[in-house]
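Step one of this worksheet: look at the structure below.
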Ligand code: SF4
Ligand code: SF4
């Protein structure tokens with residue numbers, strides 16, 4: 001088997017960053033008459049409904065009961081009456097229960113919302129879970145699980161991901177400019193209760209003002225009783241894609257290489273997105289669960305690009321309308337950035353906990369290039385931050401060959417899309433590699449099942 005490691009920046013690409021909304025404050029949008037909230041917005045099983053048609057709910061009331069230890073609760077983002085609880089298809093093709101709430105226009109906050117009592121690691125993790133928190137950078141991994149690695153893993157470093165290397169998205173940058181103190185406080189709280197010595201913020205050098213604001217907030221926090229023994233630093237990294245991918249960021253910030261198939265915890269690191277830590281600081285003060293989300297709204301079809309804070313469950317259509325509407329018919333809508341985001345099939349889809357952008361493109365920008373034959377130029381391989389062979393993975397995935405995909409280390413792919421971006425033949429590489437990963441998972445599950453039966 002080929003020896004794998006990370007090359008970090010030497011294999012980065014430089015797509016146009018299109019940070020058109022840099023410096024635009026995050027404006028709250030309210031007045032939504034209806035929200036539709038999926039009870040599954042995370043990695044792992046979600047929730048089952050504990051409300052029914054006709055129930056009254058206030059902001060922050062739980063709507064669902066977690067289905068397992070990985071699950072986090074889901075809360076009402078507006079006050080009003082439950083219109084329906086129905087099973088609907090998710091944007092990734094799965095199914096989940098959705099709770100639809102019709103607003104009473106009162107925005108009443110639930111009496112259950114009150115500052116938590118945190119006194120040790122366990123109560124901190126329980127609080128984080130009860131808040132409904134998942135990774136807000138786009139991954140939706142349950143935060144209480146990430147902060148509690150399996151026994152035997154000693155964590156000495158909390159890496160705070162403020163890289164925001166995806167084009168268009170600027171909400172993290174804006175949080176640095178206006179809420180850096182809370183982001184730093186969230187990091188200190190997390191480091192304290194999870195007994196982590198060192199905190200490192202990673203940010204790219206195309207966000208100079210944001211980096212300055214973070215450094216000043218770190219200086220202000222130096223007198224805090226929660227200041228960790230190994231200190232807090234802000235490292236400014238050269239702008240490149242995908243600096244914000246967990247494994248790449250760890251390599252760039254402290255030189256550690258996460259082993260193939262391993263997790264950051266294997267090298268003593270936990271990575272949290274800046275927005276996640278900002279939320280933790282705010283939740284500790286107010287007890288308000290995760291009911292709203294800051295997103296960048298941009299793209300060629302949007303009238304007024306900007307950064308907005310909206311209730312979770314508000315429809316993309318309503319958000320676009322309230323934010324200024326479109327100047328032309330939307331042809332393609334992406335949740336997330338253009339490199340790693342997912343296309344949305346229906347404009348009525350709700351804003352999810354982990355959405356950090358909605359990009360809306362016109363017909364010219366939405367054209368899917370036609371694929372042609374691979375010309376064996378090797379550009380995809382040179383662009384891959386994981387040192388994979390994307391053209392070979394693409395071929396094995398199209399041939400439905402899970403054994404070859406495994407030998408080619410398909411599970412090491414971080415789905416960054418760099419290979420697709422550089423391919424002159426416009427091959428749908430990352431899409432096929434994603435399918436290839438699903439084939440390997442399915443083959444492993446089938447073989448486990450066979451083993452159990454024999
Ligand atoms: S999508 Fe996967 S194969 Fe393609 S460049 Fe990124 S890590 Fe490499
Ligand atoms: S970049 Fe495209 S054309 Fe070049 S080797 Fe990779 S898949 Fe083939």
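Read-outs throughout are calculated quantities, based only on the coordinates presented, and are distinct from any laboratory measurement. Nothing here was measured: the structure is a model prediction, and the numbers come from that model. Cβ placement follows ideal geometry from the backbone for every residue including glycine, while neighbour counts extend to all protein chains displayed.
Tabulated data for the structure shown
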{"item": "Projected label distance in nm at residue 342 and residue 403, using a 7 Å step from Cα toward the beta-carbon", "result": "3.2 nm"}
{"item": "Sorted by Cβ neighbour density within 10 Å, fewest at the top, the residues 251, 222", "result": "222, 251"}
{"item": "Value at 222 nm in deg cm²/dmol, rounded to 500, when DSSP H runs of n ≥ 4 in the chain each add -39,500 (n - 2.57)", "result": "-8500 deg cm²/dmol"}
{"item": "Most to least packed among 104-111, 441-448, 330-337, 316-323 [average Cβ atoms within 10 Å]", "result": "330-337, 316-323, 104-111, 441-448"}
{"item": "Volume of the Cα convex hull of the stretch 249-336, divided per residue and given in Å³", "result": "165 Å³"}
{"item": "Exposure proxy order (Cβ contacts within 10 Å, fewest to most) of 131, 30, 229", "result": "229, 30, 131"}
{"item": "Hull-based mean projected area of the stretch 370-453, where the convex hull spans the alpha carbons, in square nanometres", "result": "5.3 nm²"}
{"item": "Computed FRET value (nearest 0.05) for residue 434 with residue 328, which takes r as the C-beta separation and R₀ as 22 Å", "result": "0.15"}
{"item": "Cα-projected label distance for residue 371 with residue 30, points at 7 Å along beta-carbon direction, nm", "result": "4.9 nm"}
{"item": "Spatial separation of Cα centroids for the stretch 345-408 and the stretch 265-306, in angstrom", "result": "25 Å"}
{"item": "Debye equation applied to the C-alpha atoms of the stretch 108-218, log10 I(q)/I(0) at 0.18 Å⁻¹", "result": "-1.04"}
{"item": "Dmax and Rg, reported as Rg then Dmax, of the stretch 177-254 (C-alpha, Å)", "result": "12.6, 36"}
{"item": "Viscosity 0.692 mPa s, 37 °C: Kirkwood-radius Stokes-Einstein D of the stretch 121-286 over Cα pairs, µm²/s", "result": "210 µm²/s"}
{"item": "Stretch gain in nm, segment residue 65-residue 229, where the contour uses 0.36 nm per residue and the Cα spacing is subtracted", "result": "55.2 nm"}
{"item": "Spatial separation of Cα centroids for the stretch 90-149 and the stretch 181-232, in angstrom", "result": "23 Å"}
{"item": "Mean separation of Cα contacts under 8 Å, 6 or more apart, over the residue count of the stretch 224-288: relative contact order %", "result": "16 percent"}
{"item": "Rg(Cα)/(2.2 N^0.38 Å) for the chain, N = residue count", "result": "0.97"}
{"item": "The chain - share of DSSP beta bridges that are antiparallel (%, nearest 5)", "result": "60 percent"}
{"item": "Gain in span if fully extended, residue 86 to residue 453, counting 0.36 nm per residue against the direct Cα distance", "result": "128.5 nm"}
{"item": "Gain in span if fully extended, residue 442 to residue 114, counting 0.36 nm per residue against the direct Cα distance", "result": "113.7 nm"}
{"item": "Value of Rg to Rh for the stretch 344-402 (Rh from inverse mean 1/r over Cα pairs, i.e. Kirkwood)", "result": "1.09"}
{"item": "Proportion of all alpha-carbon pairs of the stretch 9-110 beyond 24 Å (%)", "result": "40 percent"}
